[in-house]
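A short reminder: the numbers here are calculations on the coordinates, not readings from a lab. What you see is a predicted model; the values in this text were computed from it and never measured. Positions of Cβ are generated from backbone atoms using ideal geometry, with glycine treated the same way; all protein chains shown enter the neighbour counts.
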Amino acid sequence: MYNMKNLRYFFASLFILAFVTTACQDDDAIFGEVVAPSNIVITAEIVGIDVNNPNGDGSGFVNLTAVANNAITYNFSFGDGLTAVSPSGEETHRFSLVGLNTYTVVVNAVGSGGVSSSASIDIDVFSSFDDQEAKDLLSGGAGNSKTWYWSASDVGHLGVGPANSGVDAEGWWWPKWYEAAPFEKAGDPDTSCIYEDEFTFSQDVSNQLTYALKNNGQSFYNGAHSGLGGDDICLDLDTSGTSIVSLAPSSVDWSTVPDPDFYARGTVMNFSGDNFMGYFVGMSSYDIIELTNTTLKVRVYDALNPALAWYHIFSTTPPDQSGFESDFNNLVWSDEFDTDGAPDAANWNYDLGAGGWGNQEVQTYTNDASNVVVQDGSLIIKAINDGGNYTSARLKSENLFEFNYGRVEVRAKLPGSQGTWPAIWMLGANFDTVGWPTCGEIDIMEQTGWDKNTVMGTCHWLDSGSSSNASYGETTTSSTATSEFHNYTLEWKAETVQILIDDTLYYTLDNSSSLPFNADFFLILNVAMGGTLGGDIDPAFTTDTMEIDYVRVYQ
């Protein structure tokens with residue numbers, strides 16, 4: 001099992017290996033004499049000590065100093081479950097256990113070659129700070145445990161803003177620069193591990209609070225802290241573990257915050273063992289912003305940039321992606337396919353003909369009733385093998401219904417034959433003037449001809465730097481896609497393009513003004529044969545269909 005120290009050693013070992021590999025090329029390299037540190041002396045200054053307060057002023061602060069001969073650095077173990085590394089040998093530590101307590105501070109002085117010597121000192125420290133209510137709310141009370149989860153359905157469940165300097169006349173106290181959209185991280189395998197995390201606080205009968213992180217073998221790292229650079233990423237490192245939690249007063253004067261609706265608890269949680277709350281930014285101290293029986297809001301400084309504060313929202317309810325809440329509830333356009341016969345000409349026209357359609361497809365599209373018909377409450381798009389020539393249909397709402405932003409919901413059952421390529425998708429309404437991919441493409445649902453247990457969502461656009469197609473796609477499993485109806489949904493906003501199946505989010509693209517997904521688009525429904533995603537067609541293929549129960553657009 002990896003903890004945070006393991007991760008640091010993991011990245012450090014890469015550097016050391018490279019160094020040793022280079023150094024070993026010189027047979028005359030000398031590492032020097034290995035000498036264990038000696039004559040360790042530890043001194044402790046309890047803050048606020050005087051005649052009336054022989055064990056300190058109640059803050060719990062102690063200034064510790066260690067010196068030794070031949071020492072390179074010092075490892076402190078404070079006796080309360082917390083540790084620190086100090087090359088200077090100087091460390092200020094806050095002991096937070098309420099009352100007068102004796103702590104045995106152990107110092108390992110580390111010398112050349114990693115050899116070490118140790119010494120210890122006992123100190124009596126008085127601490128008067130406590131927040132028993134916070135312990136009870138976090139854990140459910142003495143002798144109990146409570147598990148928390150990311151409040152993924154809330155805007156800003158992960159966010160970033162300025163640190164104390166960000167409290168301004170407008171009352172900014174919450175994420176000022178970035179707020180994650182509901183389930184924003186769910187659609188990307190590089191980030192979706194975040195919603196699997198569980199955070200459990202436990203309190204024993206002596207009121208000692210502990211914290212356990214369970215992240216199922218994957219840990220979510222801020223890109224700057226991953227050791228790999230780039231964007232945020234889920235790494236296959238198990239940083240789960242249990243920590244002692246010490247509470248301390250906040251260093252922030254929250255009374256200066258001008259927002260009258262805002263309050264902060266004034267309590268900081270410190271986790272032992274470098275533990276963290278699901279998103280690693282190099283710190284283990286979390287300021288409690290808000291705490292109730294069911295909601296926990298915290299903020300943590302960024303270790304690499306203390307001017308940044310990261311904000312998290314947690315809930316006692318596990319994130320349920322099937323309960324995705326749309327921002328669009330007003331039905332503005334639909335086709336329920338309730339009238340048998342040809343599709344409604346007010347809603348649909350057709351692409352006709354053959355030619356591969358840019359993807360080496362082999363079908364010819366028609367508007368013949370044998371290929372497309374409304375029957376028994378569904379639109380039927382039928383692909384047919386006519387003596388080795390394949391026919392099918394492609395409907396579109398171009399010039400009839402075009403729109404910008406909203407929720408598109410299509411309930412459909414897909415063809416199951418090898419070589420069929422069904423699609424529910426959209427093109428930019430300026431397609432006829434700027435062409436593809438400049439116009440942009442949103443594939444709400446596609447399925448390959450060789451894998452009928454998987455569906456995919458994809459967006460395409462023009463990469464201006466290379467003047468070529470750029471795309472981002474994700475897949476999700478759907479073992480009954482060809483035997484049962486499912487809802488294929490697009491949630492399209494200025495901030496994000498999100499794709500769901502049966503209200504389960506599996507795709508999120510951050511939208512921006514540089515992308516084409518901020519103008520009108522039209523709808524397309526079709527079944528292709530063969531081609532780049534259809535692949536080899538079953539030699540025994542005769543006919544197969546995509547059935548669509550309805551198409552609805554909400555804004």
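Sorted largest first, the principal axis extents computed over the alpha-carbon atoms of the chain equal 98, 68, 42 Å. Approximating the spin labels as points 7 Å out from Cα along Cα→Cβ, the Asn144-to-Asn330 distance works out to 4.5 nm.
Using the Cβ-Cβ distance between Asn404 and Lys214 with R0 set to 41 Å, the FRET efficiency works out to roughly 0.45. Fully extending the segment from Thr104 to Thr477, taken as 0.36 nm per residue of separation minus the present Cα-Cα distance, adds 128.8 nm. Taking DSSP loops as anything outside H, G, I, E and B, show the longest stretch in the chain free of GluC sites (Glu not before Pro) there with at most 16 other beta carbons within 10 Å. The answer is 171-324. Radius of gyration over Kirkwood radius for segment 31-127, both on Cα atoms: the Rg/Rh ratio is 1.05. Could you work out the percent of alpha carbon pairs in segment 331-554 separated by over 28 Å, rounded to a whole number? Cα-Cα pairs of segment 331-554 separated by over 28 Å account for 24 percent. Between Asn359 and Gln375, the simple spin-label model (points 7 angstrom out along Cα→Cβ) gives 2.4 nm. Once both labels are positioned 7 Å from their Cα atoms along Cα-to-Cβ, the gap between Ser112 and Asp510 label points is 4.8 nm.
Estimated from the Cβ-Cβ distance and a Förster radius of 35 angstrom, the FRET efficiency linking Ser468 and Ala163 is about 0.25. For the pair Asp368 and Val155, the difference between a 0.36 nm per residue extended length and the Cα-Cα distance amounts to 71.9 nm. Any chance you could list P(r) for segment 342-399, counting all Cα-Cα pairs in 10 angstrom bins from zero, rounded to whole %? All Cα pairs, binned at 10 Å, distribute as 23, 51, 23, 2 percent.
For the chain, the longest principal axis of the C-alpha atoms and the axis of helix 4-23 are separated by about 90°. Take every pair of alpha-carbon atoms less than 8 Å apart whose residues are at least six positions apart; their mean separation over the length of the chain yields a relative contact order of 12 percent. Which of Asp536, Asp131 comes first, and how do the rest follow, when ranked by fewest Cβ neighbours within 10 Å? In increasing order of surrounding Cβ atoms, one gets Asp536, Asp131.
Shape summary of segment 388-479, radius of gyration then Dmax from alpha carbon positions: 14.8, 42 Å.
Can you work out the PRE-style zone for Val35? Point 7 Å along Cα to Cβ, and I want the residues of segment 90-120 with backbone N under 13 Å. Backbone N within reach: 111-113. Could you tell me the calculated FRET efficiency between Asp549 and Asp320, based on Cβ-Cβ distance and R0 = 30 angstrom, to the nearest 0.05? E between Asp549 and Asp320, to the nearest 0.05, is 0.75.
Packing around the peptides 304-310, 339-345, taken as the average count of other Cβ atoms within 10 Å per residue, puts them in this order, highest first: 304-310, 339-345.
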